[in-house]
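A.B. asks: Before we start, here is the structure in question, set down as structure tokens.
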Amino acid sequence: MPGIPDQVTAAAFQYGFNALGQSSQAVGREFEKYVPVSRLKYYFAVDTGYVVKKLRLLTFPFWHSDWSIKYESESQPVQPRYEINAPDLYIPLMAYVTYVVAAGLVLGTQDRFTPEMLGIQASSSLAFILFELAVIFVAMYITSIKSNLKLLDMLSYCGYQFIGAISALMAGLLFKSIGYYVVLTYFSFALGFFLMRSLKWQLQSDSAANQQDPYAASTSGTKRRFNLLILMMVLQTFTMWRLSAHLIAP
Amino acid sequence: MAFTLWTLFEASLLCLNAICVLHEERFLAKVGWGVNQVHGFGEQPSVKSQVLNLIRSIRTVMRIPLIFLNILTIIFKLILG
């Protein structure tokens, strides 16, 4: 700029950059309070072997015997790469996108496809997931079940049902209605079993945490945990059905 | 029935409005769900006391934001039909 010495310009630019850096840091910190971005990295630390084993576990959980999760610090489990029982967000995210694409495919084979349907399917299934999460959190508050499971863990456990929905859709495509219902009921059982085993030791009631002996679960606490797990299974079965039923050819 | 994000928002807005409209003295105390009637310091709060706590906290926290959300929703519905 004419008439202003370069040093002042340089100082002004320097000040501007500093202010920008500070404000972006402050925004990052505020954002971190609501959406734990640094925790997200943990959920995406997966590799191909983990994905394959986890998918196999989801489709056939009946032979798996060891459901415990190794922890590397107080509340932080080992990365999903090294621990097959840990929840992750990669599979649910990919399953969600695959579900939307598969819905478009199935609609296309029935000549019912329009591009708007993709958006409708995506937002509708997102709404279902949010509703499920809200119901589960309210149920956990009402029954005073304390657990170490955070929002992202619950999100990942709710996201696994998309695998069931996709498989049921594909079976419906190949084998018409009967194949769809068979695969849907099978996945309801498999997912229910998976949830039961995975979450049994991660939910604990308040009284069990207060007692002297933390290894004994009181009877009322066990009953509430059990009821909560049943609620989750019913919710996920219902959602899986609702996500795919309207896409099947009549 | 279209289950989109917008309908979920509307439904939750209606439910929150319904919870906020319950009057403390005229209604809840009569039914036995008043604030002062459940005060256990036992080990584990019962389901009923947790539900009442939830209702009371929703009424306290969401009064003001609900006003703005309702105004926004009314404007949206007027414009978009």
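The values are calculated or read from the model by the stated rules, or taken from the named source; none is laboratory data. Every value quoted in this text rests on a predicted model; they were computed, and no experiment measured them. Glycine also receives a Cβ, built like all others from the backbone with ideal geometry; neighbour counts cover every protein chain displayed. Quick note on the areas: whole protein, heavy atoms, side chains included, nothing else; ligands and nucleic acids left out. Shrake-Rupley method; radii C 1.70, N 1.55, O 1.52, S 1.80 Å.
A.B. asks: Does A:Ala171 qualify as being open to solvent by less than 50 Å² (accessible area, probe 1.4 Å), in a helix (DSSP H, G or I) and either among the β-branched types (Val, Ile, Thr) or more than 28 Å from A:Arg225 (Cα to Cα) (or both)? Steps first, please.
C.D. replies: Values: open to solvent by less than 50 Å² (accessible area, probe 1.4 Å): yes; in a helix (DSSP H, G or I): yes; either among the β-branched types (Val, Ile, Thr) or more than 28 Å from A:Arg225 (Cα to Cα) (or both): yes.
Answer is yes for this residue.
A.B. asks: Let me ask something additional. Would you call A:Tyr71 more than 20 Å from A:Leu243 (Cβ to Cβ) and in contact with a Leu (Cβ under 6 Å, 6 or more places away or on another chain)? Working first, answer last.
C.D. replies: Working: more than 20 Å from A:Leu243 (Cβ to Cβ): yes; in contact with a Leu (Cβ under 6 Å, 6 or more places away or on another chain): no.
Judged against the criteria, A:Tyr71 is not a match.
A.B. asks: For residues that are of a type in the set (Phe, Trp, Tyr) and open to solvent by 40 Å² or more (accessible area, probe 1.4 Å), scanning just the range A:106-135, find the one that is nearest to the other protein chains (Cβ to nearest Cβ). Show your work before the answer.
C.D. replies: Filtering the range A:106-135 for residues of a type in the set (Phe, Trp, Tyr) gives A:113, A:128, A:131.
Right, trim to open to solvent by 40 Å² or more (accessible area, probe 1.4 Å) and you get A:113, A:131.
On the way: A:Phe113: 17, A:Phe131: 6 Å.
Applying the filter and picking the extreme gives A:Phe131.
A.B. asks: In addition: Looking at this structure, is A:Asp153 more than 14 Å from chain B (Cβ to nearest Cβ) and not in a helix (DSSP H, G or I)?
C.D. replies: When the stated conditions are applied, A:Asp153 does not pass them.
A.B. asks: Quickly run through the range A:86-102 and pick out the residues that are of a type in the set (Val, Ile, Thr) and open to solvent by 50 Å² or more (accessible area, probe 1.4 Å).
C.D. replies: A:Val97, A:Thr98, A:Val101
A.B. asks: Taking A:Gly108 as meeting all but one of (1) outside any helix (DSSP H, G or I); (2) without any contact (Cβ under 8 Å) to a residue 12 or more places away in the chain, write down the number of the exception.
C.D. replies: Every condition holds for A:Gly108 apart from (1).
A.B. asks: Further question: Which ones in the range A:107-149 are among the aromatic types (Phe, Trp, Tyr) and within 18 Å of A:Arg225 (Cβ to Cβ)?
C.D. replies: Step one: of the range A:107-149, the residues among the aromatic types (Phe, Trp, Tyr) are A:113, A:128, A:131, A:137, A:141.
Listed by number, the residues that qualify are A:Phe137, A:Tyr141.
A.B. asks: Taking the condition modelled with pLDDT of 80 or more, in a helix (DSSP H, G or I) and surrounded by fewer than 17 Cβ atoms within 10 Å (Cβ to Cβ), does A:Thr222 pass? Let's see the steps before the verdict.
C.D. replies: Details: modelled with pLDDT of 80 or more: no; in a helix (DSSP H, G or I): yes; surrounded by fewer than 17 Cβ atoms within 10 Å (Cβ to Cβ): yes.
Taking the combined requirement at face value, the residue does not satisfy it.
A.B. asks: Let me ask another. Among the residues that make up the range A:92-101, is at least one of them within 19 Å of the chain's Cα centre (by Cα) and in a loop (DSSP other than H, G, I, E, B)? Talk me through it step by step, then tell me what you get.
C.D. replies: Filtering the range A:92-101 down to residues within 19 Å of the chain's Cα centre (by Cα) leaves A:92-101.
Checking the rest, the ones that are also in a loop (DSSP other than H, G, I, E, B) come to none.
Checked the range A:92-101: no residue is within 19 Å of the chain's Cα centre (by Cα) and in a loop (DSSP other than H, G, I, E, B).
A.B. asks: Determine if the range B:24-43 includes at least one residue that is modelled with pLDDT of 85 or more and surrounded by fewer than 12 Cβ atoms within 10 Å (Cβ to Cβ). Can you show your working first?
C.D. replies: First, the residues of the range B:24-43 that are modelled with pLDDT of 85 or more: none.
Among the residues of the range B:24-43, not one is modelled with pLDDT of 85 or more and surrounded by fewer than 12 Cβ atoms within 10 Å (Cβ to Cβ), which makes the answer no.
A.B. asks: Hey, another quick one. Here are the criteria: (1) modelled with pLDDT under 90; (2) open to solvent by 50 Å² or more (accessible area, probe 1.4 Å). Tell me which single one B:Arg59 does not satisfy.
C.D. replies: (2)
A.B. asks: When the range A:136-148 is examined, which residues are found to be within 7 Å of chain B (Cβ to nearest Cβ) and touching a residue at least 60 places away in the same chain (Cβ under 8 Å)? Before you say what the answer is, go through the steps one by one.
C.D. replies: Kept after step one, since they are within 7 Å of chain B (Cβ to nearest Cβ), are these residues of the range A:136-148: A:141-144.
Selection gives A:Thr143, A:Ser144.
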